[in-house]
Amino acid sequence: MSSIKIRTKRRDGHTQIRLLITHPMANGRGKDKLGKAIPAKHITLLSITHNDLQILTAHLSASISKNPYFDFLLKEGNQGDTISISWTDNLGKTDSATYIIK
Amino acid sequence: MLKSRRKFIKALLSISVYGLTMAGSILQSTMAQTPWLKENFSTGSFDQTMRRLFGAGDIIDSNKIKISRLPRVAENGAIVPITISSTLEHVEKISILVEQNPSPLSAEFFLSPALAVHVSARLKMAKTSNVVIIVQSAGKYYRTSRLVKVTTGGCGA
C-alpha cells in the first residue's frame with residue numbers, strides 16, 4: 001500500500017491539495033523501550049507535479065512531525081488533472097503516488 | 001504567397017512552443033537542482049543557521065506574511081500545526097525555522113508560480129520557542145515570527 005494519501009478540494013477558485021504520508025520522521029535522538037538509540041530516518045525531499053510540471057520541491061528535516069501532513073493551494077487545477085507526489089528519505093528509500101482531481 | 005505565410009505561422013508556432021518548454025524546463029531545473037544540504041539542517045545555534053542560509057544581508061520584517069493555525073500554547077510539542085500564507089508577489093521559497101530546536105531549520109518549500117503562497121505543515125518543537133518564517137521573494141528575504149509556549153516537548157525534536 002502506498003505511504004501517501006492525497007485529497008483535493010475546490011476552494012475559492014483554487015484547488016487545495018492535502019497530503020498525508022506515513023513515515024516515522026525519526027531524528028536519531030530518540031530511544032526505544034530498551035534504551036537503544038533509534039537511528040535517524042526522515043523524509044528529506046518531497047516533490048509535487050501537476051500534469052507533469054513540477055510545482056513544488058520541499059526540503060524537510062526531522063523536526064516535521066511523524067506521519068507528516070501538508071497542504072498547498074494550486075491556483076488552477078481542473079477535473080481530470082494529474083497530481084503526483086514523491087518523497088525520498090535520508091536512507092534513500094522512496095515512494096510515490098498519483099491522484100486524479102475529481 | 002499563401003504558402004509562405006503558412007510556413008511563417010508554422011515557424012512562429014514552433015518557436016513559441018519551444019520557448020514555453022524552455023521556460024518550463026528552466027523553472028524545473030532550478031527547483032530540482034537545489035539539493036538537500038545536510039549542513040543546512042545540522043544542529044547548531046539559530047544565529048549560525050540563519051547566517052548559513054540567508055547570508056549577512058538584510059532580512060525585512062514584513063506584515064505581508066500571515067501565520068495561522070499556530071497555537072500560542074502547544075500542549076504537545078510533537079505536533080504543532082502551522083499555516084503560512086502571504087500577499088508578497090513572486091515568492092520562490094518559504095523557510096520554517098524553530099529558534100530553540102537543536103536543528104533550527106524545519107523545512108524549506110520551493111514554490112512554482114502555479115501555486116498560491118500557502119503552505120500548511122505540522123512541526124515538532126523541543127521547547128518554548130519563536131517560530132520564524134522567512135519568505136524569499138524576488139531575491140529579497142522577508143521575516144515574521146511568533147512565540148509558541150510548549151508544555152511537553154516533542155521528543156527532542
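The values are calculated or read from the model by the stated rules, or taken from the named source; none is laboratory data. Here the structure is a predicted model, which means the values were calculated and not measured. Neighbour counts run over all protein chains shown; Cβ positions are idealised from the backbone, glycine included.
From the list A:Arg11, A:Arg7, which one is surrounded by fewer than 18 Cβ atoms within 10 Å (Cβ to Cβ), over 30 Å from B:Gly153 (Cα atoms) and either touching a Ser or Thr at 6+ places or on another chain (Cβ under 7 Å) or at pLDDT 95 or above (or both)? Show your work before the answer.
Working: A:Arg11 fails: either touching a Ser or Thr at 6+ places or on another chain (Cβ under 7 Å) or at pLDDT 95 or above (or both).
Of the residues listed, the single one that is surrounded by fewer than 18 Cβ atoms within 10 Å (Cβ to Cβ), over 30 Å from B:Gly153 (Cα atoms) and either touching a Ser or Thr at 6+ places or on another chain (Cβ under 7 Å) or at pLDDT 95 or above (or both) is A:Arg7.
Go through the range B:1-32 and give me each residue that's within 14 Å of another protein chain (Cβ to nearest Cβ) and either more than 17 Å from the chain's Cα centre (by Cα) or modelled with pLDDT under 60 (or both).
We begin by selecting, within the range B:1-32, every residue within 14 Å of another protein chain (Cβ to nearest Cβ); these are B:20-32.
If the condition is that a residue be within 14 Å of another protein chain (Cβ to nearest Cβ) and either more than 17 Å from the chain's Cα centre (by Cα) or modelled with pLDDT under 60 (or both), then B:Leu20, B:Thr21, B:Met22, B:Ala23, B:Gly24, B:Ser25, B:Ile26, B:Leu27, B:Gln28, B:Ser29, B:Thr30, B:Ala32 are the ones that fit.
Matching residues to (1) under 14 Å from the mean Cα position of the chain (by Cα); (2) within 11 Å of chain B (Cβ to nearest Cβ); (3) under 20 Å from B:Thr34 (Cα atoms):
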| site | (1), (2), (3) |
| --- | --- |
| A:Ser65 | yes, yes, no |
| A:Pro68 | yes, yes, no |
| A:Gln79 | no, no, no |
| A:Ile83 | yes, no, no |
Checklist entry - Is the range A:63-77 home to any residue that is touching a Lys or Arg at 6+ places or on another chain (Cβ under 9 Å), over 23 Å from B:Glu92 (Cα atoms), part of a loop (DSSP other than H, G, I, E, B) and without any contact (Cβ under 8 Å) to a residue 12 or more places away in the chain? => result no
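Tally the residues that are among the aliphatic types (A, V, I, L, M), surrounded by fewer than 20 Cβ atoms within 10 Å (Cβ to Cβ) and closer than 28 Å to A:Ile55 by Cβ, restricting the search to the range B:133-150. Break it down into steps so the answer makes sense when it comes.
Kept after step one, since they are among the aliphatic types (A, V, I, L, M), are these residues of the range B:133-150: B:133-135, B:138, B:147-148, B:150.
This time we only want the ones that are surrounded by fewer than 20 Cβ atoms within 10 Å (Cβ to Cβ), so: B:138, B:147.
Next cut, closer than 28 Å to A:Ile55 by Cβ only: B:138.
Final tally of qualifying residues: 1.
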- For A:Ser2, state whether it is in contact (Cβ under 8 Å) with a residue 24 or more places away in the chain, more than 7 Å from chain B (Cβ to nearest Cβ) and part of a strand (DSSP E or B). no
Checking B:Glu39, B:Glu99, B:Glu92, B:Glu75 in turn, the sole residue that is under 13 Å from the mean Cα position of the chain (by Cα) and of a type in the set (Asp, Glu) turns out to be B:Glu92
Picked from the range B:100-124 (must be part of a loop (DSSP other than H, G, I, E, B) and under 25 Å from A:Asn51 (Cα atoms)), the residue farthest from the other protein chains (Cβ to nearest Cβ) is B:Pro113
**Request:** Return yes or no: is A:Ile38 out of contact with any helix residue (DSSP H, G or I) (no Cβ under 9 Å at 6 or more places or on another chain), within 11 Å of chain B (Cβ to nearest Cβ), of a type in the set (Val, Ile, Thr) and in contact (Cβ under 8 Å) with a residue 24 or more places away in the chain?
**Result:** no
Residue hits (the range B:80-99; among the polar types (S, T, N, Q), within 11 Å of another protein chain (Cβ to nearest Cβ) and in contact (Cβ under 8 Å) with a residue 40 or more places away in the chain) are B:Ser95
Of the candidates B:Gly77, B:Gly44, B:Gly153, the one satisfying the condition of being surrounded by 21 or more Cβ atoms within 10 Å (Cβ to Cβ), within 14 Å of chain A (Cβ to nearest Cβ) and not aromatic (Phe, Trp, Tyr) is B:Gly77
